[in-house]
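The values are calculated or read from the model by the stated rules, or taken from the named source; none is laboratory data. What you see is a predicted model; the values in this text were computed from it and never measured. Cβ: placed from backbone, ideal geometry, glycine included. Neighbour counts: every protein chain shown.
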Amino acid sequence: MVALVDRTSLERADEMRRDFVANVSHELRTPLTALQGFIETLRGPARNDPKARDRFLDIMEREAGRMNRLIADLLSLSRVESEERRRPAESVDLLALLRNVVATLTQAAAAAGVRIELAAVSDPVAVAGDADQLVQVFHNLIENAVKYGGAGERVRLEAAHIDHEPVVRGAAWAITVADEGEGIDALHLPRLTERFYRVDTHRSREKGGTGLGLAIVKHIINRHRGRLRIESEKGVGSRFTVVLPEMPMR
Ligand SMILES: Nc1ncnc2c1ncn2[C@@H]1O[C@H](COP(=O)(O)OP(=O)(O)OP(=O)(O)O)[C@@H](O)[C@H]1O
Ligand SMILES: [Mg+2]
């Protein structure tokens with residue numbers, strides 16, 4: 001008897017795991033190297049220069065904060081992955097949830113000169129979901145729209161009801177986060193939800209991003225048996241649409 005086993009998928013998974021470990025190590029090493037460098041400078045040349053000391057301590061605080069965010073995002077990703085097979089069953093009022101997320105981001109947006117608008121919808125927007133995870137989804141999408149959507153513009157949230165969405169095999173809600181920013185080149189779109197993938201690594205780092213946000217978003221939406229659609233046009237803006245199965249409020 002001959003048993004044939006296709007090992008390509010196993011090898012591919014192995015390769016992805018290796019890439020992931022290499023990426024994590026690199027992402028952690030960058031701020032760590034900066035911290036070590038500043039510790040040396042503070043011990044040596046900057047020892048008696050209070051002005052330089054304050055500046056370096058600020059940078060060190062920022063780099064430590066980045067490491068902290070990276071670890072929080074990694075933990076969050078692994079938590080989401082571990083429960084991806086368990087479908088959430090709560091009924092969540094998305095409109096109330098979106099209002100809360102907007103409230104937490106309004107100040108940061110205003111500081112960046114961005115207005116966040118929530119288009120009015122009359123119906124209750126109820127979906128089957130995990131409220132904490134859906135907060136994470138919309139927090140990241142709106143934060144991205146503010147961060148990369150360009151200053152002096154607006155970010156618009158829209159909710160549309162779909163009577164029959166083949167993807168969720170029934171009624172659904174489509175929530176769109178639209179910005180009027182620079183847009184994303186089509187060649188990046190398919191890779192955007194990969195871990196650590198960024199269009200402009202330097203710029204994302206500068207803004208404190210870890211590049212894990214959309215990977216977490218994708219896993220959460222998968223757990224909800226929903227879909228993420230990304231449309232973008234250079235110079236016009238981007239639209240990130242989350243499609244979730246409807247669930248009448250109980
Ligand atoms: N609305 C948008 N407009 C333009 N580019 C975007 C937009 N949203 C995401 N991107 C691009 O996609 C990349 C990945 O986004 P993601 O949310 O995964 O990471 P991040 O925002 O850099 O980090 P984090 O979410 O952890 O803070 C970003 O670095 C940015 O280049
Ligand atoms: Mg992000």
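Observations on the model:
- Selection count, the range 198-222, where residues are away from ligand 1 (no atom under 12 Å from the Cβ) and without any contact (Cβ under 8 Å) to a residue 12 or more places away in the chain: 0
- The listed residue being within 15 Å of ligand 2 (Cβ to nearest atom), touching a residue at least 60 places away in the same chain (Cβ under 8 Å) and either of a type in the set (Val, Ile, Thr) or assigned to a loop (DSSP other than H, G, I, E, B) (or both), out of Arg225, Arg195: Arg195
- For the residues Ala174, Ala160, the requirement of being surrounded by fewer than 18 Cβ atoms within 10 Å (Cβ to Cβ), more than 9 Å from ligand 1 (Cβ to nearest atom) and within 19 Å of the chain's Cα centre (by Cα) singles out Ala174.
- Some residue of the range 73-88 being away from ligand 2 (no atom under 16 Å from the Cβ), in contact with a strand residue (DSSP E or B) (Cβ under 6 Å, 6 or more places away or on another chain) and either closer than 30 Å to His224 by Cβ or not assigned by TED's automatic domain parsing to the domain that holds Arg225 (or both): yes
- Scope the range 177-193; condition surrounded by fewer than 17 Cβ atoms within 10 Å (Cβ to Cβ) and more than 8 Å from ligand 1 (Cβ to nearest atom); matching residues: Asp185, Ala186, Leu187, Leu189, Pro190, Arg191
- Hits in the range 139-184 (condition: assigned to a strand (DSSP E or B) and among the hydrophobic types (A, V, I, L, M, F, W, C)): Val155, Leu157, Ala159, Ala160, Ile162, Ala171, Ala172, Trp173, Ala174, Ile175, Val177, Ala178
- Assessment of the range 195-206 against the conditions (surrounded by fewer than 17 Cβ atoms within 10 Å (Cβ to Cβ) and among the small types (Gly, Ala, Ser)) yields no matching residue.
- Residue within the range 196-209 that is closer than 26 Å to Pro88 by Cα, under 12 Å from the mean Cα position of the chain (by Cα) and modelled with pLDDT of 90 or more present: no
- Residue match in the range 51-68 (condition: surrounded by 13 or more Cβ atoms within 10 Å (Cβ to Cβ) and either in the same structural domain as Asn222 (by TED's automatic domain parsing) or under 14 Å from the mean Cα position of the chain (by Cα) (or both)): no
- Restricting the range 137-157 to residues that are touching a helix residue (DSSP H, G or I) at 6+ places or on another chain (Cβ under 8 Å) and closer than 24 Å to Asp123 by Cβ leaves a set whose member that is surrounded by the most Cβ atoms within 10 Å (Cβ to Cβ) is Val137.
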